Amino acid sequence: MTISTRMVEDHILAVTMDQPPVNALPVADWFAIAAAMTDAGANPDVRVVVLRAEGRGFNAGVDIKELQRTPGFAALVGVNRGCHAAFKAIYECPVPVIAAVHGFCLGGGIGLVGNCDTIVASEDAYFGLPEVDRGALGAATHLLRLVPQHMARTMYYTGTNVSAEVLHRLGSIWRVVPRDELDETALQVARQIAAKDTRVVRAAKEALNGIDPVDVNRSYRFEQGYTFELNLLGVADEHRDEFVRTGKPLAT
C-alpha cells in the first residue's frame, strides 16, 4: 500500500509514503494522506504524527505521467484537489505533525513539509520547487514558510534546490542528522511531545494556527488558479510532455 499508518510507540503514529521509484504520488495517494491525517487527529490515543517515506527520497511531487495519460482535465482537477486536501489536513490535524525528510523533497513535498509543525532531515536531504520547469505553479505558499521572501522567489523562478543544512541555518529544520539516525531523531521529538498533556498540546496547535499571518489553505488555492490557466492555454502540457519524454525542462 502506498500510504500506510502504524502506531510505532504509545501515542505516536507514523504515516509512511512508499510509491516507487521516487514517491511521485498519484491522485488517490494525496487523498489517502488527507484521510490518514484526519483519522489521526480524531483518534484520542494519537498525540503526535510522524510523516515519513521509504525509498530514494521523501517526495517528488505529483505523478506527472498520470496527468499526461489521463484525457481531459480530470486528473489535473483531482491532483489539485488532492494536494489541497493533504496539505490542509496536515495543517489542521489537531495534533502536531513531524516531517522526517530524506533525499529529495520537491514540488508537492514542499507543500507537505511546509504545513508540518516540525521538520527533521537527513544530511542528504534537499528541497525545491521545480514547478516553473513543469509549466505549473503551486506550493510557494509553503516554501515561504521555510525560507525568506526573496530567497523563495529566486528558488521559485530558477528551480534551484537548497540543502537541509541551509534550512537548518534559517531555523526551518529542527535537526539535521545522518540518514540512519533520521527515524530515531523524529521519534525523539515525538516522544517529547507525546509526554505532554495532549489536551494542552491540541489547544496549543489550534492557537498557533489561529495566529498565523497567512491563511495557507486560501493562499494555496489562489496559486492553483494560475496552474489551471496554464493548462487551459496548453502551456503546461508542453512542459509535461517534454519532461515525460526527456526528463528535462522544455527549452524555449
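The values are calculated or read from the model by the stated rules, or taken from the named source; none is laboratory data. Small disclaimer: the values here were computed from a predicted structure and weren't measured. Positions of Cβ are generated from backbone atoms using ideal geometry, with glycine treated the same way; all protein chains shown enter the neighbour counts.
Restricting the search to strands (runs of 3 or more DSSP E) fully inside the stretch 73-153 and requiring at least 1 residues that are out of contact with any Leu (no Cβ under 7 Å at 6 or more places or on another chain) and among the β-branched types (Val, Ile, Thr) gives 97-101, 118-122. For ARG69, the test of being farther than 18 Å from ILE12 by Cα, surrounded by fewer than 22 Cβ atoms within 10 Å (Cβ to Cβ) and over 11 Å from the mean Cα position of the chain (by Cα) is passed. Being free of Cβ contacts under 8 Å to residues at least 24 places away in the same chain and either of a type in the set (Gly, Ala, Ser) or out of contact with any Pro (no Cβ under 8 Å at 6 or more places or on another chain) (or both) holds for only one residue in ARG191, ARG179, ARG199, and it is ARG199. All conditions but one from (1) closer than 28 Å to PRO44 by Cα; (2) under 18 Å from the mean Cα position of the chain (by Cα) apply to ALA195; the one that does not is (2).
Determine whether the stretch 51-60 contains at least one residue that is farther than 27 Å from ALA164 by Cα, out of contact with any Lys or Arg (no Cβ under 8 Å at 6 or more places or on another chain), surrounded by fewer than 20 Cβ atoms within 10 Å (Cβ to Cβ) and charged (D, E, K, R). So far as the stretch 51-60 goes, no, none of its residues is farther than 27 Å from ALA164 by Cα, out of contact with any Lys or Arg (no Cβ under 8 Å at 6 or more places or on another chain), surrounded by fewer than 20 Cβ atoms within 10 Å (Cβ to Cβ) and charged (D, E, K, R). Within the stretch 147-164, the set of residues being without any contact (Cβ under 8 Å) to a residue 60 or more places away in the chain, surrounded by 14 or more Cβ atoms within 10 Å (Cβ to Cβ) and under 30 Å from GLN192 (Cα atoms) comprises VAL147, VAL162, SER163.
Of the residues making up the stretch 37-67, those that are assigned to a helix (DSSP H, G or I) and either among the hydrophobic types (A, V, I, L, M, F, W, C) or modelled with pLDDT of 95 or more (or both) are MET37, THR38, ASP39, ALA40, GLY41, ALA42, ILE64, LEU67. Select from the stretch 114-168 the residues that are in contact with a Ser or Thr (Cβ under 8 Å, 6 or more places away or on another chain), under 27 Å from LYS205 (Cα atoms) and of a type in the set (A, V, I, L, M) and list them in ascending order. Across the stretch 114-168, the qualifying residues are ILE119, VAL120, ALA125, LEU146, VAL147, ALA164. Of all the listed residues (ALA89, ALA140, ALA121, ALA34), the sole one being in contact with a helix residue (DSSP H, G or I) (Cβ under 9 Å, 6 or more places away or on another chain) and either at pLDDT below 95 or buried (at least 24 other Cβ atoms within 10 Å of the Cβ) (or both) is ALA121. For ASP212, the conditions (1) surrounded by 15 or more Cβ atoms within 10 Å (Cβ to Cβ); (2) of a type in the set (D, E, K, R); (3) outside any helix (DSSP H, G or I) are fulfilled apart from (1). Within the stretch 199-241, the residues that satisfy the criterion of being under 21 Å from the mean Cα position of the chain (by Cα), modelled with pLDDT of 95 or more and among the β-branched types (Val, Ile, Thr) are VAL214, VAL216. Which one is nearest to ILE98 (Cα to Cα), of the residues in the stretch 209-236 that are touching a residue at least 12 places away in the same chain (Cβ under 8 Å) and aliphatic (A, V, I, L, M)? For the stretch 209-236, the residue satisfying everything is VAL216.
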